[in-house]
Every structure is written in C-alpha cells, then in structure tokens.
Amino acid sequence: MLQELSIQNLALIEKLQLNFNKGFSSLTGETGAGKSILLDALGLTLGDRSDSSLVRHNTPRAEVSAQFDIKQLPHVQAWLVDQELDDDGDCYLRRTVTSEGRSKAYINGRPIPSSLLKSLGSMLIDIHGQHEHQSLLSNHKQLGLLDAYAVHPELIKTCRQDYQAWQVLNRQLDTLLTNQADFQSKFELLSFQNSEFDDVQPIQEEFEELSEEQSQLSHANEIILACENAYEAIEGSSGAADLVNQAIHAIESIVSYSPSLQVTIEQLNSALIEAQEAAAEIHKHSSDIELDPNQLSRIEERLALLFGLAKKYNLEPETLVEKHQQLKDDLTSLTQSDASLETLKSEIDQAWSTFQNSGSALSKSRRKAAEKLSKIVTEGMHSLGMPNGLFEAQISALESVNASGLDKVAFHVTANKGQPLQPLAKVASGGELSRISLAIQVATAEVTSLPTLIFDEVDVGIGGAIAEVVGKKMQQLGAHKQILSITHLAQVASHGHTHLQIEKRTENELTFTQVIELDEAARIEELARMMGGLTISQQTLEHAKEMFSSAQQFNS
C-alpha cells in the first residue's frame, strides 16, 4: 500500500509530505484547490510522461517520491529481485523533472528508465478517473476488464503465444508460396548456373596450386640455372663447403693450444652440415623441374577457365568451390519445396488446433467470469438507485481471431423493466452511465490484486441517497484495500476512515497548495462546507455532524 508521498516544487505545491493510512481516505477541497496535482504527482512516480509545465514557477526542478509497503505483495518483491532493484523489502520510487523538461526516474535509489516505473506502478495502484465511463464504451476496454476480473493471466499468455506461433507459420507459408510462384524461372536459372560450374568442376585449393605451378614452369630455365649456380657455389671446387672444411682443419690444428676454439669448430661443423643440406635441396628442386611446354599449356588453359568463370559471376577464383556448393544447395532446396510446403501446411493445421484449444479454454473462463460479473454489477446497479437495472457481459465469436483469443466482449445494460438490453454505448443518460460505470469499477476492484485503488471524482452526476451508497461501498472496500477517493460529495467523504483536505492559499503574492489531515471537528466543518457552500449555518453543521456520525457507525 501507499505509505508516503513527498512533493517539492510541483505546480502550486512548494513542499508537501503526506502519510497515508490503511482503509478508505477521502480527499476533498474547493474547485481549483489542486486536487488533480496530487494525482499528477503520483502519476509521475508511476511512470507517466513528464512535462516541464508541472515544475513550479521560478524553480529549477520538481521532485516527487512515493514509499510503498510491499510486505504482502510477494509478486512485487519478486519483480524487484528480477530487475536487481530490491533493497531489503523496501519500495521507494522517485522522479525528478527539470524546468527544461528533462526527467529522471529511480527505484530504491537506482536510476532506471521510466518504463520500469510503469511496469512496477501497474502492480501497486489502479486509478479510476472521472471519465472512466467514456473508456468503458470501448469493447477493447470491456474485454480487458473482464479478463482482469477473471484473473486468468496464464490462459491469456498461452493463448497469445499459440496465436503468435500460428501466425509465424502462416508468414512462412506466404513466403514459400511467393517463392513457388517464381519456381520455373528460378529453377531454370539455378540449373543453368550449376551446369556451368559442373562443366568446370572447380576443386578446393586448385587455383592456388595451379598458380604456383604455372609460375614455376614459365620460369623453369631461370630456376634451373640459378639452382645450378647456387649448388656449384656450395659444393663445387673452392665452394663454400670446401672453404668451411679448410677452416675446420686449420682450427683443429691449434685447438689443443686454445681449447676455447672447440666451440668454434662445432659452429663450423653445423654450418657445413646446413650448407650441404641446402645444396641437396637445391639440387633436388632443380632435378624435379621438367621443361614441359605441354604441361605449362594445360595449366594455363585450366587457369583461364577458372578465371573466366570467376569473372562471369563476379567472384574471386578462390571462392569458386564455395559458390558451386551454394548453387547445389539452392537447387536442392528449390526442388524440395513441394515437400516443405506439405510439411508446413501440416504444422499450420497443428498450430491452429493448438490455438483453438487454448482459445476455447480462455473463452470458457471468460464465460464463467462474465456470468458472475453480470450478477454482481446488476446488484450494484440496484444499490445505486436503478432497481430495475440489468447488466450482462455478452461474449460472441470474433469474425477474425487475434492474439486476445476467439471472443468479442460487449457490455449490455438496461435501466428499466421491460426494456431490451442494449450496448453500454447506447445508454442515453449521463447520470445512468456514470452509475453503471461506478458499479462496474467497484465490482472489478473487489477482485483485483492491486493493494491501492484511487477513485478520482467517479461520483460525478450522483447525489442524495445514491451518493451515500457509493460512500458505503468505498468504505466496505477499505476493509480489504487502501482506497483513496477524490470527491465533491459530502455523503461519500463522510464514510472515509480518514479525511484529507486540499487547500489553496496565497502568501506574499504567491499561491500554494497544502493538504491537511482533519480531525473529527474539522471533518464536520468540511462536510458542512461541501453541503452548504461558503456560508455555513448551524443547521448545516448539525446536518453534517449527523451525517458523519451515521457514516462512521459502519467503521466500528
């Protein structure tokens, strides 16, 4: 539940800290006192869009923070842990907005995107606005309310996932059918290209090896001559090997006098061995080269064939083998598309059946909830001064299914006996629509898992005994949840477990909004003001006292 709301430099509020109690708290004040500012402040902490116009004039920034008790909300605790935002069970939200419009958001002191505030806020508070009945005219909103009332999130999740899986397969089928439409032209092109590669039959690393051999054969005479000269320089008379041998003999003749030269002898021996091995390799390389013009011609013809194919397909010659394999794979895939089509159609049929099953399970749950909701809202209409009213949440099949399932939900009502049920959108009387809306909101609020419900002047258009019923209903809800109601009706406000007065004052030519928690005497005076206007008579005070006393009997 909401424990504390702190506000600084927001609109008419310079600095304000509010502590909220359990149960039903009524919030009242004169028109223009700033009741909506509190909702704006709370909305900011819950992730609503920021606006620089909310920042108090001549101040650099506004700041709003809210503290929540989540001890009885394990799903909220788990969410904070998952997001790595937990802090020993605390839930502290903060939002700042600068006069330039820049906004920052925090959960338990950690900076986060405002979208996370929205996700968390949706688990903490539900705000029912005074224009809620307008959105209730939407079938989409009606479906959402029924689903919330039914409390079947897993069925909704499964149905949505099954629908999406079915849609993915349908998109694959569309792609496959599009490809098949061009089957003949693609098949002919791939077949022709593959046959060209089949004619050439490029081999892995063939191009590199042939290039090296072609270079060697085209310079065979130069290579042989250079090898012969190198061999002669090493192994010929007075060659390197002979000279090194002479050096070894010369050093060996004196090594007994200079033992340290033994290392030099070993070095010379190593050099002699390496030189002789190099000479042998040179001789072998020279012997392996054949002066074969025909072989060179064959290699050049093969290289020209590879170069020509690579140039035609704008490839590097080294990638011809890879391209050949790709053509084979594409041709195989294309020729197997008929088999793929049949397999895909079978998978689509299975996915559709799965979606139908999950959609039917969701429909069954919705129908059960619709029957219960219809009964409770009808009873609510009776208690709100519509004794012949009838409400029915009707479910029919969608012409075109979607991720929400197979159903279309439409709220139908009648306010008078003998009159047929008709869609909620066709209810002519604004007062009747407002009362029906309130009955629906109260009915769905009773089953919601949200700990805090805020009613923002939802009692507009209601008065007299009906207003008293509204107050009793909110008082009853307050026994199980935290209820905050911004109201202009004394009959509703009198039923609050606590009463907060929102007041606007002017000081030093500056305007401020403040909120005061009223004691019993102040509550009676505020109720009298709400009933009698600026001039409060003793009779009005007595009436207010009697109203307050009667309403508070239900709190005991």
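What helices (runs of 4 or more DSSP H), lying completely within the range 212-294, carry at least 3 residues that are touching a residue at least 40 places away in the same chain (Cβ under 8 Å) and in contact with a helix residue (DSSP H, G or I) (Cβ under 8 Å, 6 or more places away or on another chain)? Write out each step before concluding.
Working: elements: 220-235, 240-252, 262-288.
Helices (runs of 4 or more DSSP H) meeting the threshold: 220-235, 262-288.
Take the conditions in a helix (DSSP H, G or I), surrounded by fewer than 16 Cβ atoms within 10 Å (Cβ to Cβ) and more than 27 Å from the chain's Cα centre (by Cα) and apply them to Glu154. Does it pass? It would help to see each step written out before you state the result.
Numbers: in a helix (DSSP H, G or I): yes; surrounded by fewer than 16 Cβ atoms within 10 Å (Cβ to Cβ): yes; more than 27 Å from the chain's Cα centre (by Cα): no.
Answer is no for this residue.
Only one of these conditions is not met by Glu468: (1) within 35 Å of the chain's Cα centre (by Cα); (2) closer than 24 Å to Lys35 by Cα. Which number is it?
(1)
If you scan the range 444-464, which residues turn out to be in contact with a Phe, Trp or Tyr (Cβ under 7 Å, 6 or more places away or on another chain) and at pLDDT 75 or above?
Result: Thr444, single match.
Would you pick out the residues in the range 266-281 that are farther than 29 Å from Ile224 by Cβ and surrounded by 15 or more Cβ atoms within 10 Å (Cβ to Cβ)?
Leu268
Look at Asp329 and say whether it is closer than 30 Å to Ile223 by Cα and of a type in the set (D, E, K, R).
Working: closer than 30 Å to Ile223 by Cα: no; of a type in the set (D, E, K, R): yes.
In short, no.
Among (1) surrounded by fewer than 22 Cβ atoms within 10 Å (Cβ to Cβ); (2) β-branched (Val, Ile, Thr); (3) part of a loop (DSSP other than H, G, I, E, B), which single condition is Thr444 missing?
The single condition Thr444 does not satisfy is (3).
Only one residue in Ile248, Ile299, Ile223 is modelled with pLDDT of 85 or more and surrounded by 10 or more Cβ atoms within 10 Å (Cβ to Cβ). Which one? Quick ask: steps written out before the conclusion?
Details: Ile299 fails: modelled with pLDDT of 85 or more; Ile223 fails: modelled with pLDDT of 85 or more.
The conditions single out Ile248.
Out of the residues in the range 454-513 meeting the condition of being surrounded by 24 or more Cβ atoms within 10 Å (Cβ to Cβ) and of a type in the set (Ser, Thr, Tyr), tell me which one is nearest to Phe24 (Cα to Cα).
Among those residues, the one meeting the criterion is Ser485.
How many residues does the range 366-423 hold that are part of a loop (DSSP other than H, G, I, E, B) and crowded, with 16+ Cβ neighbours inside 10 Å?
Of all residues in the range 366-423, those part of a loop (DSSP other than H, G, I, E, B) come to 384-389, 403-404, 415-421.
So of that shortlist, the ones also crowded, with 16+ Cβ neighbours inside 10 Å come out as 384-386, 389, 404, 415.
So the count comes out to 6.
Could you tell me whether Glu517 is among the charged types (D, E, K, R), exposed (fewer than 14 other Cβ atoms within 10 Å of the Cβ), modelled with pLDDT of 85 or more and assigned by TED's automatic domain parsing to the domain that holds Ser36?
On the way: among the charged types (D, E, K, R): yes; exposed (fewer than 14 other Cβ atoms within 10 Å of the Cβ): no; modelled with pLDDT of 85 or more: yes; assigned by TED's automatic domain parsing to the domain that holds Ser36: yes.
Taking the combined requirement at face value, the residue does not satisfy it.
Hey, among the residues in the range 302-316 that are part of a helix (DSSP H, G or I) and hydrophobic (A, V, I, L, M, F, W, C), which one's surrounded by the fewest Cβ atoms within 10 Å (Cβ to Cβ)?
Residues of the range 302-316 that are part of a helix (DSSP H, G or I), as a first pass: 302-312.
If we keep only those that are hydrophobic (A, V, I, L, M, F, W, C) too, we end up with 303-307, 309-310.
Values: Leu303: 17, Ala304: 10, Leu305: 14, Leu306: 19, Phe307: 13, Leu309: 19, Ala310: 19.
Filtering the range 302-316 for residues that are part of a helix (DSSP H, G or I) and hydrophobic (A, V, I, L, M, F, W, C), the one surrounded by the fewest Cβ atoms within 10 Å (Cβ to Cβ) comes out as Ala304.
Look at Ser449 and say whether it is among the hydroxyl-bearing types (Ser, Thr, Tyr) and exposed (fewer than 14 other Cβ atoms within 10 Å of the Cβ).
When the stated conditions are applied, Ser449 passes them.
Here is a list: Arg49, Arg102, Arg95. Which entry is of a type outside the set (A, V, I, L, M) and touching an Asp or Glu at 6+ places or on another chain (Cβ under 9 Å)?
On the way: Arg49 fails: touching an Asp or Glu at 6+ places or on another chain (Cβ under 9 Å); Arg102 fails: touching an Asp or Glu at 6+ places or on another chain (Cβ under 9 Å).
Checking each option against the conditions leaves just Arg95.
The values are calculated or read from the model by the stated rules, or taken from the named source; none is laboratory data. Nothing here was measured: the structure is a model prediction, and the numbers come from that model. Note that each Cβ is placed from the backbone with ideal geometry, even for glycine, and that neighbours are counted across all protein chains shown.
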